[in-house]
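Shown next, in structure tokens, is the structure this report addresses.
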Amino acid sequence: MHPRRFDLIVFDWEGTLAVPSMTKNGEPILFSGVHEMLRDLQSAGYVLAVATGMSRQGLDFALKSTALKLFFEHTRCA
């Protein structure tokens, strides 16, 4: 096992967690394995954050509709 280099991991919303500009019934489409990856990182003790150029309302909707809200301790919007 490699020693940890970071305690905080920041994800960009589009292109990292969700497919850019794609939705299904108005909800973002996540890349395959996102939930599992975030759960594994959180279980390993990493603090997770997400940053995006979208509005606060847009990010809050995206996190709620994709069931990712509980993974992120910090969020930043444009």
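The values are calculated or read from the model by the stated rules, or taken from the named source; none is laboratory data. Fair warning: this is a prediction, and the values are worked out from it, not measured in the lab. Quick reminder, even Gly has a Cβ in these numbers, built from the backbone with ideal geometry, and neighbours come from all protein chains shown. With ligands, DNA and RNA removed, areas are computed over all heavy atoms of the protein, side chains included. Shrake-Rupley method; radii C 1.70, N 1.55, O 1.52, S 1.80 Å.
Things worth noting here:
- Inspection of the stretch 62-71 identifies no residue that is touching a Cys at 6+ places or on another chain (Cβ under 6 Å) and either among the charged types (D, E, K, R) or open to solvent by 70 Å² or more (accessible area, probe 1.4 Å) (or both).
- Unmet requirement for residue 46, which otherwise passes all of (1) out of contact with any Ser or Thr (no Cβ under 9 Å at 6 or more places or on another chain); (2) loosely packed, with under 12 Cβ neighbours inside 10 Å: (2)
- The stretch 57-71 residues that are free of Cβ contacts under 8 Å to residues at least 40 places away in the same chain, paired with ones that are surrounded by 15 or more Cβ atoms within 10 Å (Cβ to Cβ) and basic (Lys, Arg) (beta carbon under 7 Å, 6 or more apart): none
- A count restricted to the stretch 2-55 and to residues that are small (Gly, Ala, Ser) and either under 17 Å from residue 66 (Cβ atoms) or modelled with pLDDT under 90 (or both) stands at 9.
- Members of the stretch 28-78 found to be β-branched (Val, Ile, Thr) and touching a Gly at 6+ places or on another chain (Cβ under 9 Å), listed by number: 52
- Whether a residue is at negative phi, more than 12 Å from the chain's Cα centre (by Cα) and not small (Gly, Ala, Ser) was assessed, and residue 7 passes this test.
- Looking only at residues in the stretch 16-43 that are small (Gly, Ala, Ser) and closer than 15 Å to residue 72 by Cβ, the one that is surrounded by the most Cβ atoms within 10 Å (Cβ to Cβ) is 18.
- Qualifying residue in the stretch 3-15 (condition: open to solvent by less than 70 Å² (accessible area, probe 1.4 Å), touching a strand residue (DSSP E or B) at 6+ places or on another chain (Cβ under 8 Å) and aromatic (Phe, Trp, Tyr)): yes
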